[in-house]
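K.L.:
My questions will all concern the structure given below.
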Amino acid sequence: METNKPRGPSSIQDVLRNVLRDAGISSRGTKFDRIHSLWKEVAGPTVAGHARPVRLHRRALIVEVDSSTYLYELKRQRGERYRGQINDRLGSVAIDRIVFKLKG
């Protein structure tokens with residue numbers, strides 16, 4: 001008889017996602033999960049490597065940036081392009097603004 005043994009350590013995020021899915025609470029993941037995935041697509045690999053969404057609070061996407069150079073550039077752009085593309089792909093206005101902050 002084959003058992004489903006874990007293949008290794010799982011992240012807390014993965015465990016919670018599975019628990020919520022099994023409980024029928026979320027069939028498509030959380031809104032933040034979808035936004036997080038879309039961030040990598042719309043920001044591109046270079047920016048996504050330096051700036052990462054950490055939470056969604058009252059329709060403001062909080063993004064931590066690992067360097068002051070990227071922080072400056074992203075704040076100058078105000079994230080409007082990223083916000084618009086994410087909202088378009090979600091099919092609704094989930095993000096009103098993006099707040100960039102230095103990681104630390």
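The values are calculated or read from the model by the stated rules, or taken from the named source; none is laboratory data. Note that this is a predicted model, so its numbers are computed, not measured. Positions of Cβ are generated from backbone atoms using ideal geometry, with glycine treated the same way; all protein chains shown enter the neighbour counts.
K.L.:
List the residue pairs whose Cβ atoms are under 7 Å apart, where the first residue sits in the stretch 66-94 and is among the acidic types (Asp, Glu), the second is at pLDDT 95 or above, and the two are 6 or more positions apart or on different chains.
P.N.:
As it stands, the answer is ASP66/HIS50, since those pairs meet every condition given.
K.L.:
Among the residues of the stretch 80-91, is any at pLDDT below 90 and closer than 27 Å to GLY104 by Cβ? Steps first, answer last, please.
P.N.:
Going residue by residue through the stretch 80-91, those that are at pLDDT below 90 are 80.
From what is left, the residues that are closer than 27 Å to GLY104 by Cβ are 80.
Within the stretch 80-91, one or more residues are at pLDDT below 90 and closer than 27 Å to GLY104 by Cβ.
K.L.:
What about ARG52, is it modelled with pLDDT of 90 or more, surrounded by 15 or more Cβ atoms within 10 Å (Cβ to Cβ), among the charged types (D, E, K, R) and touching an Asp or Glu at 6+ places or on another chain (Cβ under 9 Å)?
P.N.:
Values: modelled with pLDDT of 90 or more: yes; surrounded by 15 or more Cβ atoms within 10 Å (Cβ to Cβ): yes; among the charged types (D, E, K, R): yes; touching an Asp or Glu at 6+ places or on another chain (Cβ under 9 Å): yes.
The answer is yes for ARG52.
K.L.:
Then there's this: Anything in the stretch 84-96 that is exposed (fewer than 13 other Cβ atoms within 10 Å of the Cβ) and in contact with a helix residue (DSSP H, G or I) (Cβ under 7 Å, 6 or more places away or on another chain)? List them, or say none.
P.N.:
Here is the first cut: in the stretch 84-96, the ones exposed (fewer than 13 other Cβ atoms within 10 Å of the Cβ) are 88, 91-93, 96.
VAL93 - this is the single residue of the stretch 84-96 that is exposed (fewer than 13 other Cβ atoms within 10 Å of the Cβ) and in contact with a helix residue (DSSP H, G or I) (Cβ under 7 Å, 6 or more places away or on another chain).
K.L.:
Could you please find all residues in the stretch 62-83 being exposed (fewer than 14 other Cβ atoms within 10 Å of the Cβ) and touching a helix residue (DSSP H, G or I) at 6+ places or on another chain (Cβ under 9 Å)?
P.N.:
SER67, THR69, ARG81
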